[in-house]
Amino acid sequence: MLAKLRRRRDITTDRLNAIPGISCVRAEGAFYAFPRLHIEEPDELFVAELIRETGVVVVHGSGFGQVPGTRHFRVVFLPTEDVLEKAFSQIERFMLKWREKHPPKSGA
């Protein structure tokens, strides 16, 4: 079971870090990740649009005590690897569209 969770954690971290505009620290004692969004808009808006457009459910980070002025979301990596891969592919496509609609001001 631990090996499966480590693999899912690694998939989560690697896939999220490969998406422009998202960075993610590897979880060390939890079954969720807290990736940072490098966007100007509120994380609540990002998450609401992500859910509406893709059906991928994550939770906005502002509810988890993130540093003021930063944007995050929380994602659980308990689903099977194939479900995670599909979800991260949808997040990647969504983020690419998001960045077209909301180009980063700082070049992030």
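Each value in this text was obtained by applying a stated rule to the coordinates, not by laboratory testing. Keep in mind that this is a model prediction, so the values were computed, not measured. Glycine gets a Cβ as well: all are built from the backbone with ideal geometry, and neighbour counts include every protein chain shown.
Tabulated results
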{"read-out": "Percent RCO, i.e. relative contact order, over the chain, from Cα pairs under 8 Å lying at least 6 residues apart", "value": "30"}
{"read-out": "All aspartates and glutamates inside 13 Å of K4 as judged from Cα atoms, apart from same-chain residues fewer than 8 positions distant", "value": "E81, D82"}
{"read-out": "Which label in (1) 1.09; (2) 0.97; (3) 1.02 gives the computed Cα Rg over 2.2 N^0.38 Å", "value": "(3)"}
{"read-out": "Approximate spin-label separation A48-S89, in nm, with each point projected 7 Å along Cα-to-Cβ", "value": "2.9"}
{"read-out": "The chain, helix-only ellipticity at 222 nm - DSSP H runs n ≥ 4, -39,500 (n - 2.57), divided by all residues, nearest 500", "value": "-15000 deg cm²/dmol"}
{"read-out": "Residues of region 7-24 with amide N under 17 Å of the 7 Å Cα→Cβ point at D82", "value": "8"}
{"read-out": "Phi-based couplings in Hz for region 29-37 (Karplus 6.51, -1.76, 1.60; Gly and Pro marked x)", "value": "x, 9, 10, 9, 10, 10, x, 8, 9"}
{"read-out": "Residues whose placed amide H lies under 5 Å from that of F73, excluding near-sequence neighbours", "value": "L37, G61"}
{"read-out": "Positive-pole candidate from P20, T80, F34, dipole of region 2-101, charges at beta carbon", "value": "T80"}
{"read-out": "Highest-fluctuation residue, V67, V57, V47 considered, GNM on the chain with Cα pairs under 10 Å", "value": "V67"}
{"read-out": "Selected from P42, P79, P68 as most flexible by GNM, with the chain as the system and alpha-carbon contacts under 10 Å", "value": "P68"}
